[in-house]
Each structure stands twice: as structure tokens, then as C-alpha cells.
Amino acid sequence: MHSDYPKIIGCKVYEIIDRPIGNCHPHDKEMIYPINYGYVKNVFAEDGEE
């Protein structure tokens, strides 16, 4: 599988933040996100996730 990242380099994109700063991981309550964590809709990484 390949990533979709090359097709968006230099483009304006809109992200979806699904885990804001300070929230804990849904499966590990001790893990707190120090940054906003999210994805760009319909852009896939090497692991097949958005």
C-alpha cells in the first residue's frame, strides 16, 4: 500500500481533530494527548488509516 500524502503536499486541506489537547486515549485513560490529534478525510497513510 502507498500513502496519499504526496497528492496533498502544498494543498490547502481541512483536518478533523478527533482527540483534542488534554483528552485521554479511549482505551488507555492514562495516555493524555499533548497535541491535537486527527486526520484529513479521504487521505490514507501507509497503514490504511485516514
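Overview of values
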{"item": "Residue 24-residue 3 FRET efficiency (beta carbon distance; Förster radius 22 Å; 0.05 resolution)", "result": "0.20"}
{"item": "Neighbour cut-off at most 11 other Cβ (10 Å), DSSP loop, trypsin sites (Lys or Arg not before Pro), region 1-46", "result": "12, 29, 41"}
{"item": "Mean Cα-pair separation over length for the chain, i.e. relative contact order, pairs under 8 Å, 6 or more apart, %", "result": "43"}
{"item": "Which label in [x] 1.00; [y] 1.33; [z] 1.22 gives the computed Cα Rg over 2.2 N^0.38 Å", "result": "[y]"}
{"item": "Placed amide H near residue 38: partners under 5 Å, 5+ positions off or other chain", "result": "18"}
{"item": "Of the chymotrypsin sites (Phe, Trp or Tyr not before Pro) in the chain, those whose Cβ has at most 15 other Cβ within 10 Å and which sit in DSSP loop", "result": "14, 44"}
{"item": "Per-residue HN-Hα couplings for region 21-38 [Karplus 6.51, -1.76, 1.60; θ = phi - 60°; Hz; x = Gly/Pro]", "result": "3, x, 7, 9, 4, x, 10, 9, 5, 7, 8, 9, 6, x, 9, 5, 10, x"}
{"item": "Relative exposure of 32, 9, judged by other C-beta atoms within 10 Å (fewest first)", "result": "9, 32"}
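Any read-out appearing in this document is the output of simple, stated calculations on the displayed coordinates, not a laboratory observation. Computed from a predicted model, the values in this text were never measured in an experiment. Because the Cβ atoms are built from the backbone with ideal geometry, glycine has one as well, and the counts that use them run over all protein chains shown.
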